[in-house]
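The values are calculated or read from the model by the stated rules, or taken from the named source; none is laboratory data. Fair warning: this is a prediction, and the values are worked out from it, not measured in the lab. No Cβ is skipped: glycine too gets one built from the backbone with ideal geometry, and neighbour counts run over all protein chains shown. In case anyone asks, the SASA skips ligands and DNA or RNA and just uses the protein heavy atoms, side chains included. Shrake-Rupley method; radii C 1.70, N 1.55, O 1.52, S 1.80 Å.
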Amino acid sequence: MGFKITDKVTWVGKIDWELRRFHGDEYSTHRGSSYNSYLIKDKKNVLIDTVWAPFAKEFVENLKKEIDLNKIDYIIANHSEVDHSGALPLLLAEIPNTPVYCTANGAKILKAHYHEDWNFVTVKTGDTLDIGDSKLTFVEARMLHWPDSMFTYMSGESILFSNDAFGQHYASELMYNDLVDNAELYQEAIKYYANILTPFSTFVTKKIEEVLSFNLPVNIIAPSHGIIWRDNPVQIIQKYMDWAKDYQENQIVIVYDTMWNGTRRMAEAIAKGIRSVDKDVAVKLFNAAHSDKNDVITEIFKSKAVLFGSSTVNKSIMHAVGGMLDMVKGLGFRNKKAAAFGSYGWSGESVAILNEKLKAAKFEVVNDGIKELWNPDKDAINRCVQFGADFAAKL
Ligand code: FEO
């Protein structure tokens, strides 16, 4: 059921406690998510975004408890991805002539998804819609995170409906940033940024600077996933500015996979070497095959350097490490140093392959890496400790 955010604005979305995978299997959602839809009742009535299709029927039924659907004057589709547009077909089947405000790209994508000729009204940055006491202003937010994305700003209430930006996959009945556990909230917010927005960081910086240049008061940031920022909402804008600028903490991540523990023992020895040089640095080890890939990506995002390790198998690397390297290449991390390691039995290609993949992913590879034969003996372990110390000394 809905709840009021302000006198004029009611949340009418869906909290999805069960969700554990998003974007197919690309994104883990340990804490579920929500699809936030907002109903504005002013002299005109406006619906901003809907929910994912599996909840469309429930959404429309609940919406009818808040308003006679025929009294909805405008629908705004800030973003056409199906988690926000999924209830449009069912809703517009009931109120087919209702104008759908979106960007030109949004109209194209909605048509391509649903093959319906709805009453689209395309808008650009600066276009406005008077709805009574309040005015809505549209701000295109291209590539945050799709070509169609936009924000809608509501004057009077001073609410920025930011769609995916500033959101988190985080189910909570509490719904506000001053009520939820902030450690959980920021863990989900940075994971969302690291895994979804990293490739678009230059757009993030420019868009935020543009929005700030409007000098609009912002009392509330209401994203389309997770909790609503009402206590000092600018805090998440400041975080996004930090995260967009090649963010890093004093942390090094070691990602590896191992067949018979030789590469794992190398990883642990390298970590020991790093810590021998820098007692303050956080060193975190992840077996790529056993770890949640999105959690590992988040830790890489927070790191100043990474090491990737793999045994050699079939003249190549192990598939979980290969998958991680494909992910980091796509995300386009910047300003991170890297090195490779791995154990081998006879041909021993893994380290050279890792080096190539790290370079292709734009990491700064600081050395040739280290490989050790079969199960590392005491001398080999000592070489790995020294390798870790040398690596740390180069940072
Ligand atoms: Fe939450 Fe890009 O959709």
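Within the range 51-63, not a single residue is away from the ligand (no atom under 16 Å from the Cβ) and either in a loop (DSSP other than H, G, I, E, B) or of a type in the set (Ser, Thr, Tyr) (or both). Residues in the range 371-389 that are in a strand (DSSP E or B) and open to solvent by less than 20 Å² (accessible area, probe 1.4 Å): 372 only. For the residues 226, 156, 132, 167, the requirement of being at positive phi, within 14 Å of the ligand (Cβ to nearest atom) and either among the small types (Gly, Ala, Ser) or surrounded by fewer than 18 Cβ atoms within 10 Å (Cβ to Cβ) (or both) singles out 226.
The requirement of being within 26 Å of residue 244 (Cα to Cα) and in contact with a Leu (Cβ under 8 Å, 6 or more places away or on another chain) is fulfilled nowhere in the range 347-354; no residue meets it. Of everything in the range 325-363 that is polar (S, T, N, Q) and over 21 Å from residue 202 (Cβ atoms), the residue that is surrounded by the most Cβ atoms within 10 Å (Cβ to Cβ) is 343. Taking the range 170-192, which residues are outside any loop (DSSP other than H, G, I, E, B) and open to solvent by less than 10 Å² (accessible area, probe 1.4 Å)? Across the range 170-192, the qualifying residues are 185, 188, 189, 191, 192.
For the range 65-73, the criterion of being in a strand (DSSP E or B) and either touching a His at 6+ places or on another chain (Cβ under 6 Å) or without any contact (Cβ under 8 Å) to a residue 40 or more places away in the chain (or both) is met by none of the residues. Just wondering, is there one or more residues in the range 216-233 that are farther than 28 Å from residue 358 by Cα and among the acidic types (Asp, Glu)? Yes - at least one qualifying residue is present in the range 216-233.
Condition check: closer than 20 Å to residue 334 by Cα, at pLDDT 95 or above and small (Gly, Ala, Ser). Does residue 194 satisfy that? Against the criterion (closer than 20 Å to residue 334 by Cα, at pLDDT 95 or above and small (Gly, Ala, Ser)), residue 194 qualifies. Scanning the range 100-154 for residues that are among the β-branched types (Val, Ile, Thr) and out of contact with any Pro (no Cβ under 7 Å at 6 or more places or on another chain) gives 100, 103, 109, 122, 123, 125, 128, 131, 137, 139, 152. Where strands (runs of 3 or more DSSP E) fall wholly inside the range 232-313, the ranges with 2 or more residues that are touching a residue at least 24 places away in the same chain (Cβ under 8 Å) and surrounded by 23 or more Cβ atoms within 10 Å (Cβ to Cβ) are 251-257, 305-310. Look at (1) open to solvent by less than 40 Å² (accessible area, probe 1.4 Å); (2) touching a strand residue (DSSP E or B) at 6+ places or on another chain (Cβ under 8 Å) and you find that residue 21 fails only one, number (1).
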